[in-house]
1. Considering only the other residues whose Cβ falls under 12 Å of the Cβ of L123, what net charge follows from Lys and Arg at +1 and Asp and Glu at -1?
2. What net charge do the residues around I3 carry, taking every other residue with its C-beta under 14 Å from that of I3, with Lys and Arg at +1 and Asp and Glu at -1?
3. Calculated FRET efficiency, A108 and S2, Cβ-Cβ r, R0 25 Å, to nearest 0.05?
4. State, to one decimal in nm, how far the label point of D120 lies from the label point of L132, with both points 7 Å from Cα in the Cβ direction.
5. Please compute the net charge surrounding A23, taking Lys and Arg as +1 and Asp and Glu as -1 over other residues with Cβ under 13 Å from its Cβ.
Amino acid sequence: MSISLHLRAVAESEFRDDHTWLAAFMGAAWGNHPEEYAAGIADSIPKVWGAVNDLYASAEVLPADADKPSLPVYGGRPVAHSEVAGPHDPPMMVLDPPGVSQAAEFLAAVSFDELWSRADAGLKGHGQDEALFRQEYLEHHESLRGFYGRAASAGHAVVKAVWA
């Protein structure tokens, strides 16, 4: 089974803070993901998003005033499901523009090499080819850095959905 965390930048004025509406919006966005990714308004992390979050959240290089809930992977507020959740009602979060800016600033300032050097051995492939795992996480980091930088520059929020 494939599972992904889907991130979509959107102007606050263009979405409703309603799970049913957001599920339909994010479903359409997921259907157009290659085009939206190419346009720089979407990103996704397959399967390993929890480990990517751990890479950021466990870093000793976080500024003392960093608000971990606004980090780029798990940051945001949950959007409550409707009373009857169906298969097209994924878990979702919304990270408002100030949180997007904070995530973008964090990503612009943090050194991937420092993060990786401090990472738990479990993130580094459990004894498998560490260079391959490092490259995968570096690609996620660079993609998130660009995505959040563009979203922050535009003053957008980021909606996140988990697709299975």
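1. So the surrounding residues net to -1.
2. Within the 14 Å Cβ shell, the charges total +2.
3. 0.25
4. 2.2 nm
5. 0
Each reported figure results from applying straightforward, stated rules to the coordinates on display, with no laboratory input. Because the structure is predicted, anything quoted here is derived from the model rather than measured. Cβ: placed from backbone, ideal geometry, glycine included. Neighbour counts: every protein chain shown.
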